[in-house]
Amino acid sequence: MTVYYDPYDVDITADPYPTYAQLRDHAPLYHNERYDFWALSRHSDVEKALLNWQTFSNSRSDILELIKSGFDMPKGVMMFEDPPAHTMLRGLMSRVFTPRRMAEIEDQIRRYCIACLDPLVGTDGFDIIGELAAMMPMRVIGMLLGIPESEQVSVRDANDANLRTRPGAPMKVADAARIADGRIYADYVEWRAAHPSDDLMTALLNVEFTDEDGVHRKLTRTEVLHYTQVVAGAGNETTGRLIGWLAKVLAEHPEQRREIAADRSLLTRAVDETLRFEPTGPHVARFLAADFEYQGTTVSAGSAMLLLFGAANRDERRYADPDRFDIHRDNISHLTFGKGLHYCLGANLARLEGTVALDELLNRWPEWDIDRDTARLAPTSTVRGWEYLRLVLG
């Protein structure tokens, strides 16, 4: 059987799951000749690749277009590094991205949700993306970094523009450094350096560490900008998409939505099962630092490999009845946030935002449907989710 998979094909992206099933069954190692990349789709293969950073390297980022671009990757960007540099960079980040900071921000997230949703009570419906999902993640990152509200919309739009694609076409990479250089934050970083506060940015400006050359120092301004870009960019698109998927999936599973409305201890299960069922980032890319052998085929070093989270999360070799959405399944686990060294640093923040948003939606509207005729998927190849999704309120 001949299988065709293309991450830029709008028809496949609209419902990729039948194609994913064909890949798992007939082409578990797949090669796309048109764009010259390889792909792994079975859960066990994707999981093993995520843990094998020596072969499946992040040194050219985790975005297919960047790996294929031929540009030199900037140094000191966490998503463009493997150990030992990655170990140092991530260790530094975990010192400022603390559980205490996460806990403190929950009340702020809830207040923001309430402010967005209260004015909509009594209406017959609204676009959940425009009213909540598109703004909330950047607002939360802004709270963490201390970015003034007046600046947050322009920052989000600049970030999103970097990831946009024309339907059916790869993202254009004109300058690899620009995706991670954080230049849009430069003025703010200088201002915050002169006006310290209790926020992530002040912590980044003041953290002291010993670098790989044995020098005890603070981060340079360039390094601070790189960190800021990684935090803001990574947490923005994906978390907004999660809120859209929660709204859509629970509209299509009203019995489970009513269970969650009656028992809020199910909120976290609902969020994780949604992340498995409709992952916001359907794949990540890796650069092969060494030859890779798979069932008699050798993929040569220097190749680009897509790890298909969306396919792995629905692999019947790993999950019972994987195409069923079920908040009560025994094994709510998924690869949506990755695994191993590059496990998503913002995973708990994304879960928190999704949980609070769903909780506040259910506080106002235990019942909703969606307008399928006007729903519109966003045109990006790196994340998958809704650009417009109208909730219909009875």
Q. Looking only at residues in the stretch 176-195 that are assigned to a helix (DSSP H, G or I) and over 25 Å from the mean Cα position of the chain (by Cα), which one is modelled with the lowest pLDDT?
A. Asp187
Q: Scan the stretch 67-85 for residues that are surrounded by 19 or more Cβ atoms within 10 Å (Cβ to Cβ) and either of a type in the set (Asp, Glu) or modelled with pLDDT of 85 or more (or both) and jot them down.
A: Ile67, Ser69, Glu81
Q. Taking the stretch 36-55, which residues are surrounded by 15 or more Cβ atoms within 10 Å (Cβ to Cβ) and within 26 Å of Leu377 (Cα to Cα)?
A. Phe37, Trp38, Ala39, Leu40, Ser41, Arg42, His43, Val46
Q) Out of all the residues in the stretch 259-297, which are farther than 22 Å from Thr380 by Cα and either in contact with a Pro (Cβ under 6 Å, 6 or more places away or on another chain) or of a type in the set (D, E, K, R) (or both)? A) Glu259, Ala261, Asp263, Arg264, Arg269, Asp272, Glu273, Asp291, Glu293
Q: Could you grab me the full set of residues in the stretch 7-32 that are touching a strand residue (DSSP E or B) at 6+ places or on another chain (Cβ under 9 Å), buried (at least 16 other Cβ atoms within 10 Å of the Cβ) and modelled with pLDDT under 95?
A: Pro7, Thr13
Q: Examine the stretch 43-56 for a residue that is in contact with a helix residue (DSSP H, G or I) (Cβ under 8 Å, 6 or more places away or on another chain), at positive phi and assigned to a loop (DSSP other than H, G, I, E, B), and state whether such a residue exists.
A: no
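Quick grid of which residues meet (1) under 24 Å from Gly354 (Cα atoms); (2) touching a strand residue (DSSP E or B) at 6+ places or on another chain (Cβ under 8 Å); (3) at pLDDT 90 or above; (4) aromatic (Phe, Trp, Tyr):
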| site | (1), (2), (3), (4) |
| --- | --- |
| Tyr112 | yes, no, yes, yes |
| Val121 | yes, no, yes, no |
| Asp127 | yes, yes, yes, no |
| Ile147 | yes, no, no, no |
| Glu151 | yes, no, no, no |
| Ser197 | no, no, no, no |
Q: Filter the stretch 304-324 down to residues that are buried (at least 17 other Cβ atoms within 10 Å of the Cβ) and not in a strand (DSSP E or B), then give me how many there are.
A: 10
Q: Consider Asp359 carefully, then state whether it is at pLDDT 95 or above, surrounded by fewer than 23 Cβ atoms within 10 Å (Cβ to Cβ) and in a loop (DSSP other than H, G, I, E, B).
A: no
Q: Please enumerate the residues belonging to the stretch 203-234 that are surrounded by 14 or more Cβ atoms within 10 Å (Cβ to Cβ) and acidic (Asp, Glu).
A: Asp211, Glu223
Q) Does Pro379 satisfy the criteria of being assigned to a loop (DSSP other than H, G, I, E, B) and under 19 Å from Gln256 (Cα atoms)? A) no
Q: Search the stretch 322-348 for residues being closer than 20 Å to His283 by Cα and among the charged types (D, E, K, R), and hand back the single one that is modelled with the highest pLDDT.
A: Asp323
Q. Given the structure, is Ile105 at pLDDT 85 or above, closer than 29 Å to Ala134 by Cα, of a type in the set (A, V, I, L, M, F, W, C) and under 19 Å from the mean Cα position of the chain (by Cα)?
A. no
(Q) Restricting to the stretch 60-85, name every residue that is of a type outside the set (Val, Ile, Thr) and either under 27 Å from Glu316 (Cβ atoms) or under 19 Å from the mean Cα position of the chain (by Cα) (or both). (A) Arg60, Ser61, Asp62, Leu64, Glu65, Leu66, Met78, Met79, Phe80, Glu81
Q: Working only within the stretch 15-42, note down all residues that are over 20 Å from Gly338 (Cβ atoms), under 21 Å from the mean Cα position of the chain (by Cα) and in a helix (DSSP H, G or I).
A: Tyr17
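The values are calculated or read from the model by the stated rules, or taken from the named source; none is laboratory data. Quick caveat, the model's predicted, so the values are computed rather than measured. Cβ atoms come from the backbone with ideal geometry, glycine included; neighbour counts cover every protein chain shown.
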